[in-house]
Amino acid sequence: MVFNFVRGYVYVTSACNYRCSHCFIRSDKKYIKPEEIDIELVRQFIDDFGNNFKSINFTGEGNPVLARNIKDIIRLSKMRADTVSINTRGYINPDLLDYFKIMGVIVYYSIDWYGERADSEMRYDGLWEQQINTLKEMLKRKIRVAVRSTIMRDNFGDVLQLIRMVENLRLRGHDIVIEIMPYLPYNNTNNTPTIDQIKLITTICLNKDFTRLLTPWWTCIYPYFRDKASKWWHKHDRICEAGREYGRIAIKQDGTILPCPFETRPVGKYIRQYGSYYIDKTKVKIELDRYLNETRVDEKCEKCTFGSICKGCRVIDSIGEKQICPIPEMWR
């Protein structure tokens, strides 16, 4: 059985050196046992699902640069995909930065607070200084960087300052952009930004070529992706790329397969037999079909201004009523 996914997401490690106040993964857990993905599992995942991968992103429940085998995973992935990227924050050692440059790795660099407030909110002394110094080192090496900021109800001013910071860096000729993602309330609706905040940020994003709002639903409406998707799927389909042909697929450290890196519902899991990893692809196909066919469309989506383009995000269904797409509220 052949799968035609074009985007792969690899949860590299659950180890993390930060205790961010808004982190939904560690919000109710004092300790998560560090677990790294086996490179042989990554290899098998690519063999089974990634024959047509255009991009592979390293993400997960921790900080991917902490994985001891991150270089090996990058090397393997670069052999099988056109684009390789990593999500991280804070300090990155110079040796690894040099490797990013050599391998052409794109860095999605998370900064959610501007100035020393980052230290207290992330519960890590000296974080802001680390981030600025590391950012300078990446730009000096001409590594492609996308600052990724999560907008929450109480960091709105910080995000505006981060946008201005990136704009100034671009004016100096640096290859850098900023992506802004509203907090997804998996566990805390108090962190969700207001409609007015998202509306203002969206207005700013749509008027600057280096800034865009990135969420499961906004990715669908973003013109570049929308135009690409129209070539892949029928006009009556949802643009949502979760778990669908020519869309995205993700793997966790323990071999669990997710239809989207934002998703929580699994569609299969690898098992280890006689030293090798195996997954029943027929069962995965059945679960994916069920996921694609049975995930409901929110009622508001049917009345949305962008309903004919987006047709609804499947992730919203999995995190329930706590997640409300702001787009209908913004343009109604």
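Here, P(r) means the percent of Cα pairs in each 10 Å bin from 0 to the largest distance; for segment 36-128 it is 15, 44, 28, 12, 2. Footprinting exposure proxy ranking of LYS303, LYS252, fewest other C-beta atoms within 10 angstrom first, gives LYS303, LYS252. Measuring against 21 Å, Cα to Cα, the residue pairs LYS252/LYS311; LYS252/LYS283; LYS33/LYS252 contain LYS252/LYS311 as the ones spanning a longer distance.
Listed by chain and number, the aspartates and glutamates whose alpha-carbon sits under 18 Å from that of LYS303, ignoring those within fewer than 8 places in the same chain, are ASP237, ASP317, GLU321, GLU329.
Just so you know, all these numbers are worked out from the coordinates, no wet-lab data involved. Just so it is clear, the model here is predicted, and its values are computed rather than measured. Every residue, glycine among them, receives a Cβ derived from its backbone with ideal geometry; neighbour counts consider all protein chains shown.
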